[in-house]
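Chemist: Here it is: the structure, laid out below.
Please treat every number below as a calculation from the coordinates, not as lab data. Owing to the predicted nature of the structure, the values given are computational and were not obtained by experimental measurement. Glycine also receives a Cβ, built like all others from the backbone with ideal geometry; neighbour counts cover every protein chain displayed.
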Amino acid sequence: MPKSYSLEEVKQRIIDVLRQSDSGLSGIEIAERTGINRVTITKYLNILETMGIIKRKSMGPVNIWYIQHGIDLNNKDLLELQQIYMDALFAYDEDRARTILLNAIHSNIDPILLMSDVVIPTINTAGELYIRGKMNAMDVTLLTNLAMESLDLIKFNSARGDMKRDAYAVFISMHEKGREVMNMKAASIAFYIKGWNTFLLGNVASEAGLFLDIDLVRFINKILRDKGKGMILLYISAAKDELPTLNELIRSVKESLERSILVMVGGGRVLESRDKDKDDGDKNIGEGVKDATPPYIDYYATDIVKAIEWAERMYRSLKF
């Protein structure tokens, strides 16, 4: 019976052997060097070509395969990478932006840092240019959509960590602002990469009425149905003026659930309005926060990496 391979396993084997060849390899050579039969390797070569990871060139009757480099990332830091990606995106060069991110992933750059330090800052820059009248709304909309596709590209081309079967994260937004929705999506992908079971519900502003708390409780109970244990993290993207209503929603949800639930509020505008004079990162509720804090919110997050570190600490403390 033929051996079964995962896409991630075959992709890594193909990339490893192609990296060692400057002039490319034929399908037969790749099959021999990877130890995978020719029929299987041909199928995966075509898949990787469609994904834009590798290219082929015809040499008579033979196809020669090679990695689509496009840019040497070996000696570039994240700031330089962000500038190169931004140049491509601002030129509406979607193919080049995709190639840059794929090469970064294959160069073992942390995919979460690609989102937090490359993709999101690019859209933040676009937003600032719009405010200063240097970009119009149509430009920003297009760039935001392209960046959303970049996040999907990172998600589906990054190796996922070991699954946490009892860790669940639900992501919702209380408004439709593009930058905040993007931060929420990036956070959901980061948790996904770290092995959490993620549920991206998106914007629920139109449903934020009397029954939103009931709907959320039902949804969470459905996730945990027939499971004896589990940690629920509810990540909510919100603005400052939504905090009082949001706190009441969280109170109702927490009191209705028999299981423990942690609530993380994301969104740059929230933290900026709370601590404009401070620069000490994300805020863990109860750790030196002097101003009036809605008591049912467990953590304020503006940095994806720190948010995950906090959530993982909470998860480990429960000792599942």
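Chemist: Are there trypsin sites (Lys or Arg not before Pro) in region 218-259 that DSSP marks as loop and that have at most 16 other Cβ atoms within 10 Å, and which are they?
Modeler: Of the trypsin sites (Lys or Arg not before Pro), the ones in loops of region 218-259 whose Cβ has at most 16 other Cβ atoms within 10 Å are 225, 227, 229, 259.
Chemist: Determine the alpha carbon to alpha carbon distance for each of 194/254; 164/240; 164/229; 134/155; 185/240; 229/254 and list only those over 22 Å.
Modeler: Pairs exceeding the cut-off: 194/254; 164/240; 134/155.
Chemist: Right, something else. For region 78-157, rounded, prolate or oblate, judged on the Cα gyration tensor with a ≥ b ≥ c (square roots of eigenvalues), a/c < 1.5 rounded, else prolate if a/b > b/c?
Modeler: Values: a/c = 2.07, a/b = 1.80, b/c = 1.15.
In terms of gyration-tensor shape, prolate.
Chemist: Tally Lys and Arg at +1 and Asp and Glu at -1 over the other residues with C-beta under 10 Å from the C-beta of residue 165: what net charge comes out?
Modeler: It works out to a net charge of +1.
Chemist: Tell me the net charge near residue 94. Cut-off is 15 Å between Cβ atoms, residue 94 excluded, with +1 for each Lys or Arg and -1 for each Asp or Glu.
Modeler: Residues near residue 94 contribute -4 overall.
Chemist: Okay, moving on. Around residue 116, with a cut-off of 11 angstrom between Cβ atoms, what is the net charge of the other residues, counting Lys and Arg +1 and Asp and Glu -1? Mind showing how you got there, number by number?
Modeler: Numbers: positive: 306; negative: 110, 117, 303.
The answer is -2.
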